[in-house]
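See structure below.
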Amino acid sequence: MNQHIKIVEPKAKVRIGHSACPHDCPSTCALDVELLSPTRIGRVHGAKNNSYTAGVICAKVARYAERVHHPDRLTKPLVRSGAKGEGNWKEASWEAALDLVAEKFDAAEAKYGSETVWPYFYAGTMGLVQRDGIERLRHAKRYSGFFGSICTNLAWTGWMMGAGKLAGADPREMAKSDCVVIWGTNAVVTQVNVMTHAVKARKERGARIVVIDVYDNATVKQADMGLVLKPGTDGALACAVMHVLFRENLADRAYLEKYTDDPHGLERHLESRTPEWAAAITGLSVAEIEAFARLVGTTKRTFFRLGYGFSRQRNGSVNMHAALSVAAVTGCWQYEGGGAFHSNSGILKLDTALLEGTRLRDPRVRHLDHSRIGPVLVGQEDALHGGPPVTAMLIQNTNPANVAPEQRLVKRGFLRDDLFTCVHEQFMTDTAKLADVVLPATMFLEHDDIYKGGGNQHVTLGPKLIEPPPGPRTNHYVIEELAKRLGVADQPGFGMTERQHIDVMLEKRGLGTFDTFREERWADLQPPFEEAHFLKGFGHPDGKFRFRPDWTGQPAPNRPPKSMGVFGPVARLPEFPDHVDLIEVADAEHPFRLATSPARSYLNSSFSETPTSRAREGRPELLVHPDDAAMLKIGEGDRVEVGNRRGEVVLHAKFFDGVKRGVVIAEGIWPNSAHERGEGINVLTGADAPAPYGGAAVHDNKVWVRAAV
Ligand SMILES: Nc1nc2c(c(=O)[nH]1)N[C@H]1C(S)=C(S)[C@@H](COP(=O)(O)OP(=O)(O)OC[C@H]3O[C@@H](n4cnc5c(=O)[nH]c(N)nc54)[C@H](O)[C@@H]3O)O[C@H]1N2
Ligand SMILES: Nc1nc2c(c(=O)[nH]1)N[C@H]1C(S)=C(S)[C@@H](COP(=O)(O)OP(=O)(O)OC[C@H]3O[C@@H](n4cnc5c(=O)[nH]c(N)nc54)[C@H](O)[C@@H]3O)O[C@H]1N2
Ligand code: SF4
Ligand SMILES: [Mo]
């Protein structure tokens, strides 16, 4: 018998409900939820019989009872009574609050036209109905479009330039690898399931695990080979690795001839990209670079698990493309347990046209950049793309006053007297605090939805399992009720229930219905081996992997509409994989490079409200190399000011020798109120759009560090 079976029935009496984790995490775990009563849950477990989740979830979601039954949950609609941001509210009925929102939206539209209203949302829930239904309202009303760039753009663009399709080797194949390269993702912290499969390969096959990051984080600590480099230099590392592969005859030339666009051009280009050249840029030693190159060059079944973190640099798309190019040079794609993977977004497509009201879309309506909400709200001309100022917003599933770059601009914008903001939230977040109307939202266990797992291959149902407390209502409800008040409820896609929308999406793909999914729980959409490994050709029309991408001419999954113009210094994007100094290079005024890496017990700004997460994380700290601290005359635990031209933030110094000199790390997006002066870490990050298709370079900051006065 299987040794895992004995723990299947821990509490025979507890009813188990099935769901999917809704949070913005590539793992999208299949969940077994202990249902204690019609309104209460107990522990949450990972589904054992889901081949990707494999019974493992992170600690913060295992303790979800803490979040869903949190005493600080919002339960009443609130209307601002004092000045903006002052914290004085009057309770209102749902009817009155929604009437007020509709009235304000209509008044704004009457004054400036429909584009003055900007629905703003993101992936606080990844459920398609509750997340994307807001698009239906915006299309129907011709409100400004939302170019959702903050998270995936830099990474997806880089991947697409090479592979031509946003898909890759089955992530479960990591368990069959002989070498797993975890590149620029702190998987132990951000997507624990990657480790499940990688560690299985180590246990069962003696696989080596390589981790590449900018500090000795929890994942690097698990590695057989940990490469800690300077932020924004992964392109240099990748080039030197490929240089060694060609030089030492470890490149798979037959594969290169058959599957890639210009292997000879690449080889020539790499002649000067030596390990010595890369060592000077990355801070790694020549020996480290050569050892890594020889490992991946001699291990056929090498699996490159490329994360998001290393793409959050202004040269991030270039670096993602360069790292992916290594897999094409070794030819590891041909083997089971080999190849590369970043996201399965390209295989999990569901038809959301009705849900999102795509047919109602007017292509002339402008788009505004999600990451540039600061410049948009303070009225910077280029950010407004030739349209009116934004004077009304509906915000769901995101907390921009905390998570968006250039926080001082974001806050200044939200405090404008001529801006009306409605925030639909579960908690009184930094953004809700700056709103005019706050509406209480349900949590995933309290509403129906369907979820796609970017880091795996499943579509999973998350049906309503418990009743919400009195007060909170779903995103779907808010969109439907506003549609009635704004005169578009008769348009296609409105007037349907969540379940009806789920049925439409599932049936169109032949996957069943809401009811069949209740039994089956998920669908595994993994394409066959040959397709997933691109053995019938890559996603470009000629089937070749591109070492020479057409940076601005080629399709990308999240390409901005043409009307938004050019993003960043596109002329500086390289012809072949390379290191390009598009990053904020340290200088005399800003001698340090800062990465704002994720905290284990938070998920972006979520979970910062739960007591155990808060207790585990302690306080906002700056990891600083002890030699740098000595030079700066900073002691352990001292208050330090980290600053640049965008602003300054105070953190507590923590000595840490697992970084290169000159690099500092601030883990976690703490609530602004957890910092002195009520200003959070994103005061320091920039809202300039990186080339070629935008994004947020949140780990790419030049800063000064000094003892705080
Ligand atoms: N616990 C927890 N889980 C999370 C999140 C969280 O905040 N906390 N966030 C969720 C979200 S929205 C997402 S998108 C995913 C993202 O998950 P990941 O793909 O893991 O990406 P990041 O969290 O941005 O950063 C991962 C690592 O990249 C490193 N890094 C920064 N710059 C560089 C660089 O130039 N080169 C290299 N090699 N490494 C670099 C950071 O130090 C960090 O350790 O995680 C999700 N899961
Ligand atoms: N400095 C720095 N900044 C970053 C990052 C970083 O690594 N460093 N990471 C960036 C990344 S990758 C991302 S994706 C963004 C993410 O940033 P956000 O999009 O703000 O994501 P969260 O912080 O998780 O906040 C989601 C909010 O949605 C709410 N919510 C959840 N479910 C629902 C629902 O069903 N209905 C409603 N109405 N609300 C709901 C939650 O209560 C929560 O407040 O942050 C970015 N900002
Ligand atoms: S690992 Fe990610 S998807 Fe899984 S339970 Fe935790 S937050 Fe949710
Ligand atoms: Mo993200």
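The values are calculated or read from the model by the stated rules, or taken from the named source; none is laboratory data. Everything quoted here is computed from the prediction, not taken from an experiment. No Cβ is skipped: glycine too gets one built from the backbone with ideal geometry, and neighbour counts run over all protein chains shown.
What are the pairs with Cβ atoms under 7 angstrom where one residue, in segment 423-435, is in contact (Cβ under 8 Å) with a residue 60 or more places away in the chain and the other, located anywhere, is of a type in the set (Phe, Trp, Tyr) and part of a helix (DSSP H, G or I)? Sequence gap at least six, or different chains.
LEU434/PHE414
Just to confirm my filter: which strands (runs of 3 or more DSSP E) fall fully inside segment 617-687 and include at least 3 residues that are closer than 14 Å to PHE592 by Cα and not assigned by TED's automatic domain parsing to the domain that holds VAL189? Spell out how you get there, then give the answer.
Details: elements: 621-624, 639-644, 647-655, 663-665.
Once the strands (runs of 3 or more DSSP E) in segment 617-687 are filtered for at least 3 residues that are closer than 14 Å to PHE592 by Cα and not assigned by TED's automatic domain parsing to the domain that holds VAL189, what remains is 621-624, 639-644, 663-665.
Quick one: in segment 421-450, of everything that is more than 16 Å from ligand 1 (Cβ to nearest atom), among the acidic types (Asp, Glu) and outside any strand (DSSP E or B), which residue is surrounded by the most Cβ atoms within 10 Å (Cβ to Cβ)?
ASP448
Whether any residue in segment 275-287 is out of contact with any Phe, Trp or Tyr (no Cβ under 9 Å at 6 or more places or on another chain), surrounded by fewer than 22 Cβ atoms within 10 Å (Cβ to Cβ) and among the aromatic types (Phe, Trp, Tyr) is what I want to check.
Yes, segment 275-287 contains at least one residue that is out of contact with any Phe, Trp or Tyr (no Cβ under 9 Å at 6 or more places or on another chain), surrounded by fewer than 22 Cβ atoms within 10 Å (Cβ to Cβ) and among the aromatic types (Phe, Trp, Tyr).
Going through segment 475-511 one residue at a time, which ones are acidic (Asp, Glu), in a helix (DSSP H, G or I) and farther than 30 Å from GLN526 by Cα?
First pass over segment 475-511, keeping only residues acidic (Asp, Glu): 480-481, 490, 498, 503, 507.
Subset that is in a helix (DSSP H, G or I): 480-481, 498, 503, 507.
Matches in segment 475-511: GLU480, GLU481.
Could you check, for segment 635-658, whether at least one of its residues is within 16 Å of ligand 1 (Cβ to nearest atom), among the hydrophobic types (A, V, I, L, M, F, W, C), surrounded by 24 or more Cβ atoms within 10 Å (Cβ to Cβ) and within 23 Å of the chain's Cα centre (by Cα)?
No - not one qualifying residue is present in segment 635-658.
Six or more apart or on different chains, Cβ atoms under 7 Å: show the pairs whose first residue is in segment 457-474 and without any contact (Cβ under 8 Å) to a residue 24 or more places away in the chain and whose second is crowded, with 23+ Cβ neighbours inside 10 Å.
So the pair list comes out as LYS464/HIS447.
Does segment 95-106 include one or more residues that are surrounded by 22 or more Cβ atoms within 10 Å (Cβ to Cβ), aromatic (Phe, Trp, Tyr), within 16 Å of ligand 1 (Cβ to nearest atom) and modelled with pLDDT of 95 or more?
no
Return a yes/no flag: does segment 560-568 have any residue that is of a type in the set (Lys, Arg), away from ligand 4 (no atom under 16 Å from the Cβ) and farther than 21 Å from HIS652 by Cβ. Steps first, answer last, please.
Initial filter on segment 560-568 (of a type in the set (Lys, Arg)): 562.
From what's left, away from ligand 4 (no atom under 16 Å from the Cβ): 562.
In the following step, the residues that additionally are farther than 21 Å from HIS652 by Cβ were identified as 562.
Yes, there is a match, as at least one residue in segment 560-568 is of a type in the set (Lys, Arg), away from ligand 4 (no atom under 16 Å from the Cβ) and farther than 21 Å from HIS652 by Cβ.
Answer yes or no as to whether VAL698 is modelled with pLDDT under 95 and not small (Gly, Ala, Ser). Working first, answer last.
On the way: modelled with pLDDT under 95: no; not small (Gly, Ala, Ser): yes.
Taking the combined requirement at face value, the residue does not satisfy it.
Scan segment 195-218 for residues that are surrounded by fewer than 24 Cβ atoms within 10 Å (Cβ to Cβ), touching a Gly at 6+ places or on another chain (Cβ under 9 Å) and farther than 22 Å from THR330 by Cα and jot them down.
THR196, TYR215, ASP216
Considering each of GLY309, GLY297 in turn, give the residue that is crowded, with 22+ Cβ neighbours inside 10 Å and within 16 Å of ligand 4 (Cβ to nearest atom).
Working: GLY297 fails: within 16 Å of ligand 4 (Cβ to nearest atom).
Criteria check complete, one pass: GLY309.
Go through the residues of segment 43-58 one by one and say whether even a single one is within 16 Å of ligand 2 (Cβ to nearest atom), within 26 Å of PHE517 (Cβ to Cβ), at pLDDT 95 or above and touching an Asp or Glu at 6+ places or on another chain (Cβ under 8 Å).
Yes - at least one qualifying residue is present in segment 43-58.
Do we find a residue being more than 16 Å from ligand 2 (Cβ to nearest atom), charged (D, E, K, R) and either crowded, with 21+ Cβ neighbours inside 10 Å or not assigned by TED's automatic domain parsing to the domain that holds LEU439 (or both) anywhere in segment 83-94? Lay out the reasoning, then the answer.
We begin by selecting, within segment 83-94, every residue more than 16 Å from ligand 2 (Cβ to nearest atom); these are 83-93.
Adding the requirement that they be charged (D, E, K, R) leaves 84, 86, 90-91.
Checking which are either crowded, with 21+ Cβ neighbours inside 10 Å or not assigned by TED's automatic domain parsing to the domain that holds LEU439 (or both) leaves us with none.
Taking every residue of segment 83-94 in turn, none turns out to be more than 16 Å from ligand 2 (Cβ to nearest atom), charged (D, E, K, R) and either crowded, with 21+ Cβ neighbours inside 10 Å or not assigned by TED's automatic domain parsing to the domain that holds LEU439 (or both).
Looking at segment 173-201, which of its residues are more than 26 Å from ALA599 (Cα to Cα) and among the basic types (Lys, Arg)?
Listed by number, the list holds a single entry, LYS176.
Would a scan of segment 304-322 turn up a residue that is without any contact (Cβ under 8 Å) to a residue 40 or more places away in the chain, among the aliphatic types (A, V, I, L, M) and assigned to a helix (DSSP H, G or I)? Walk me through how you get there before you give the answer.
From segment 304-322, those without any contact (Cβ under 8 Å) to a residue 40 or more places away in the chain are none; that's our starting set.
No, there is no match, as no residue in segment 304-322 is without any contact (Cβ under 8 Å) to a residue 40 or more places away in the chain, among the aliphatic types (A, V, I, L, M) and assigned to a helix (DSSP H, G or I).
Quick one: count up the residues across segment 598-621 that are within 12 Å of ligand 3 (Cβ to nearest atom) and over 22 Å from the mean Cα position of the chain (by Cα). Don't jump to the end; show me each part of the working.
We begin by selecting, within segment 598-621, every residue within 12 Å of ligand 3 (Cβ to nearest atom); these are 598, 600-604, 606-607, 613.
From what's left, over 22 Å from the mean Cα position of the chain (by Cα): none.
The qualifying residues number 0.
Would segment 395-402 turn up any residue that is under 23 Å from TYR143 (Cβ atoms) and assigned to a strand (DSSP E or B)?
So in segment 395-402, the residues under 23 Å from TYR143 (Cβ atoms) come out as 395-401.
Imposing the further condition that a residue be assigned to a strand (DSSP E or B) reduces the set to 395-396.
Checked segment 395-402: at least one residue is under 23 Å from TYR143 (Cβ atoms) and assigned to a strand (DSSP E or B).
Report whether or not GLU115 is among the charged types (D, E, K, R) and within 15 Å of ligand 2 (Cβ to nearest atom). Steps first, please.
On the way: among the charged types (D, E, K, R): yes; within 15 Å of ligand 2 (Cβ to nearest atom): no.
Judged against the criteria, GLU115 is not a match.
When you check ASP448 against the structure, is it away from ligand 3 (no atom under 16 Å from the Cβ), within 24 Å of GLU95 (Cα to Cα), among the acidic types (Asp, Glu) and within 24 Å of the chain's Cα centre (by Cα), yes or no?
Details: away from ligand 3 (no atom under 16 Å from the Cβ): yes; within 24 Å of GLU95 (Cα to Cα): yes; among the acidic types (Asp, Glu): yes; within 24 Å of the chain's Cα centre (by Cα): yes.
Yes, satisfied.
Return the residues of segment 417-435 that are within 9 Å of ligand 2 (Cβ to nearest atom) and among the β-branched types (Val, Ile, Thr); say none if nothing qualifies.
Within segment 417-435, VAL423, THR429, THR431 qualify.
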